[in-house]
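Working notes, structure below.
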Number of protein chains: 2
Amino acid sequence: MRFELQAECPDTGARAGLIHTGHGIIETPVFMPVGTQATVKGVMQSDLAEELDAKIILANTYHLFLRPGHEVIRELGGLHRFMSWPRAILTDSGGFQVFSLSDLRKITEEGVLFRSHLDGDEHMFTPESTVDVQLALGSDILMPLDECLEYPASHEAANQAMQRTVRWAETAYGYFERQAEDTGSASALFPIVQGSMFADLRRECASQLLALNAPGYAIGGLSVGEPRSLSLEMTEATTPLLPRDRPRYVMGVGMPEELAEYVARGVDMMDCVLPSRNARNGCLFTSGGRVIIKQARYRRDPEPLDANCQCITCRTYSRAYLRHLFQAGEMLFSTLATIHNLKYYLDIMRQMRQAILLGRFRDFLYNVRKPAVESS
Amino acid sequence: MRFELQAECPDTGARAGLIHTGHGIIETPVFMPVGTQATVKGVMQSDLAEELDAKIILANTYHLFLRPGHEVIRELGGLHRFMSWPRAILTDSGGFQVFSLSDLRKITEEGVLFRSHLDGDEHMFTPESTVDVQLALGSDILMPLDECLEYPASHEAANQAMQRTVRWAETAYGYFERQAEDTGSASALFPIVQGSMFADLRRECASQLLALNAPGYAIGGLSVGEPRSLSLEMTEATTPLLPRDRPRYVMGVGMPEELAEYVARGVDMMDCVLPSRNARNGCLFTSGGRVIIKQARYRRDPEPLDANCQCITCRTYSRAYLRHLFQAGEMLFSTLATIHNLKYYLDIMRQMRQAILLGRFRDFLYNVRKPAVESS
């Protein structure tokens, strides 16, 4: 894995680049659709590739570990082959899901003991085992096990979790390097900066993780309930410390209008369930604002969801038809809505990339911020 | 609407033909995927057209009347435009759903009074009103209101329902003809032969409906719980009485292995929820027999669902991946499974048509019947 920095905005931290992976080139800044259980809910892989031109998706290690099991996926040729997705895949470590979904977790220096949310079976995740799981999946970008705290957390608790996260990252990274050497894997592992909402802890974590000289870094533990301004503040406190020539990935963000804010702070990669989950719930993002499709005003609306969007949903169907599908509980709604919302996100990312390459990102950011200022 | 008879099997009643409609030419024998609520559940219209090459689909008048309402669909340019389906559409009269889904129905000579299964609102369907609804939808082929009985029914009850069905068909047909003349509609209305499981009533019904000189005829009231041999027997008692130069449509059949039996009895059109509903429930039809995808034997099965099938599901994914999606409750399973099952049905229809055109339908039928004989 290699990162090629192509352009930097002279006025903000925004950057455009290319991540070269064993499964294609990823143009950054990039938003990664979430494919938790080896599928982006409701969307065919062919539509992800052809309609959306997604270059990388995210899958969840916790879910795939439990079902169908990483050994099954390994036997079947790895996750790319299993789900027929020839492009890049990033997997998280499972840490976040263990802390948010599973029961009866017990954290020790060795790792996390937890019970599956599916059947209650007991499992242990260690820094080494989560690397093994992700290597079995064959991910292009792996994440090390980290300790995720709820918000708010005390400085002391955040410090302990951060220190443990650093120790686990060191263990995971060393283990990963040895495994990758043995197998000739072209994958990369990105250490995760933690530290809750304390800038000093974020900075300390980043500086400790830099010693690993990893090919990319992630910022985790955000979007856990804190005010959105705080998530941006923590990002801003961290990115300047991270290597300029490596990709930076903020995990689990953000709202459409926040994408530019993260990019302005030097973020290259993001992921979030928001566009796909909101789509399924009938909340659609458009260039004219949010559309809550169940509203009666759309019952006879012959217009496309977003006249400025070129996705198959907007090219083909009316708001009235989409509303009908939603009201009738038809699966096709989720498919069409998810394709649209993801296209909306990916288009924003492509526009930002273009703006950075053309030296116009400051204007882009100004235009994104203007409506927010005007409506405040 | 015009039917062009292209070939007849010298040994059976099988026929191949073309139905020319205002929305394209339909090659018969044809199986019509069911798109109850203006969507074939889980399948995008582009996949229906390009992947499956369906030339006609069926939509349910009852459901669309209740939601979103036929007036809404009329305002939005009719059902073809509403759902972005430029090919042919057949709609039923709503009679079957009124009898099977709705509450508190009261049948009079005028029509059927019923309560919506959605909100309990009272509505009336008459022979004229159901024609109006279907004209508002803009269907290519309409069905007149008929009285559908459960199985078993007494000869007397069946006779009364049949006689009423004939009177309603006469009313509907006359009304439809006047409306079509006024509007220049190119649609067609197919009277429905009823008579429960009594061959004498079926014959009497057919001979009365022939007086309408309709451009096509349907056989209804089958697949209501009777033994499958009886459904075939009733079909066999009816088709010889129907005009040779008009299409014959048996409503709501059948199992994959029955398709050839209906075609052998002179049936040109069929529809059934079976392939799509079974797909969603994890029952898949393949050239090697039924696959119940949840079975543990498929957990590590790298093979395509059906190596003889060219659908996107079989071209792209393994049984193990399909099983995983099913077990995980992922929507993509329903999409991939429905596409496959419909492809399986449509392929059988295309093979039969080819066999009829080449004078080889007898062999085709022999091969379909052989495994049934061998396993008995």
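The values are calculated or read from the model by the stated rules, or taken from the named source; none is laboratory data. Note that this is a predicted model, so its numbers are computed, not measured. A quick note on method: Cβ atoms are made from the backbone with ideal geometry, for glycine too, and the neighbour counts reach across all protein chains shown. Please note that ligands, DNA and RNA were not included when accessible areas were found on the heavy atoms of the full protein model with its side chains. Shrake-Rupley method; radii C 1.70, N 1.55, O 1.52, S 1.80 Å.
Overview of values
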read-out: Counted residues, the range A:345-375 - those being open to solvent by 50 Å² or more (accessible area, probe 1.4 Å) and either closer than 30 Å to B:Ser84 by Cβ or touching an Asp or Glu at 6+ places or on another chain (Cβ under 7 Å) (or both); value: 4
read-out: Top-ranked residue of the range A:169-209 - restricted to ones that are under 22 Å from the mean Cα position of the chain (by Cα) and hydroxyl-bearing (Ser, Thr, Tyr), ranked as nearest to A:Thr238 (Cα to Cα); value: A:Ser196
read-out: The range B:303-313, residues that are surrounded by fewer than 24 Cβ atoms within 10 Å (Cβ to Cβ) and within 14 Å of chain A (Cβ to nearest Cβ); value: B:Glu303, B:Pro304, B:Cys311, B:Ile312
read-out: Filter result (in contact with a Ser or Thr (Cβ under 8 Å, 6 or more places away or on another chain) and of a type in the set (D, E, K, R)) within the range B:1-46; value: B:Arg15, B:Lys41
read-out: Selection count where residues are under 21 Å from B:Ala54 (Cα atoms) and crowded, with 24+ Cβ neighbours inside 10 Å, scope the range B:315-342; value: 10
read-out: Any hit, the range A:85-97, residues being at pLDDT 95 or above, under 30 Å from A:Gly24 (Cα atoms), more than 20 Å from the chain's Cα centre (by Cα) and charged (D, E, K, R); value: no
read-out: Long-range neighbours under 7 Å by Cβ, at least six apart or interchain, first residue within 17 Å of A:Val166 (Cβ to Cβ) within the range A:119-134, second surrounded by fewer than 20 Cβ atoms within 10 Å (Cβ to Cβ) and not hydroxyl-bearing (Ser, Thr, Tyr); value: A:Thr126/A:Glu110; A:Val131/A:Gln179
read-out: Test: B:Ser102 is within 14 Å of another protein chain (Cβ to nearest Cβ) and at pLDDT below 95; value: no
read-out: So A:Arg300, is it within 12 Å of chain B (Cβ to nearest Cβ) and open to solvent by 40 Å² or more (accessible area, probe 1.4 Å); value: yes
read-out: Only listed residue being on the phi > 0 side of the Ramachandran plot and modelled with pLDDT under 95, chosen from B:Gly252, B:Gly225; value: B:Gly225
read-out: The listed residue being surrounded by 17 or more Cβ atoms within 10 Å (Cβ to Cβ) and either over 24 Å from the mean Cα position of the chain (by Cα) or closer than 20 Å to B:Cys205 by Cα (or both), out of B:Val112, B:Val131, B:Val166; value: B:Val166
read-out: Residue in the range A:334-349 that is more than 14 Å from chain B (Cβ to nearest Cβ), out of contact with any Leu (no Cβ under 7 Å at 6 or more places or on another chain) and of a type in the set (Val, Ile, Thr) present; value: no
read-out: Qualifying residue in the range A:316-332 (condition: over 28 Å from the mean Cα position of the chain (by Cα), more than 7 Å from every other protein chain (Cβ to nearest Cβ) and not in a loop (DSSP other than H, G, I, E, B)); value: yes
read-out: Subset of the range A:40-54 that is away from chain B (no Cβ under 11 Å) and either buried (at least 20 other Cβ atoms within 10 Å of the Cβ) or at pLDDT below 95 (or both) - its residue that is nearest to A:Gly17 (Cα to Cα); value: A:Ala54
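Condition check ((1) of a type in the set (Ser, Thr, Tyr); (2) open to solvent by 10 Å² or more (accessible area, probe 1.4 Å); (3) under 20 Å from the mean Cα position of the chain (by Cα)) across all residues:
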residue	(1), (2), (3)
A:Glu27	no, yes, yes
A:Leu64	no, no, yes
A:Arg67	no, yes, no
A:Met83	no, no, yes
A:Phe99	no, yes, yes
A:Gly120	no, yes, no
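This table checks each residue for (1) in contact with a Leu (Cβ under 9 Å, 6 or more places away or on another chain); (2) part of a helix (DSSP H, G or I).
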| residue | (1), (2) |
| --- | --- |
| B:Ala153 | no, no |
| B:Ala172 | yes, yes |
| B:Ala180 | yes, yes |
| B:Ser196 | yes, no |
| B:Asp200 | no, yes |
| B:Ala206 | yes, yes |
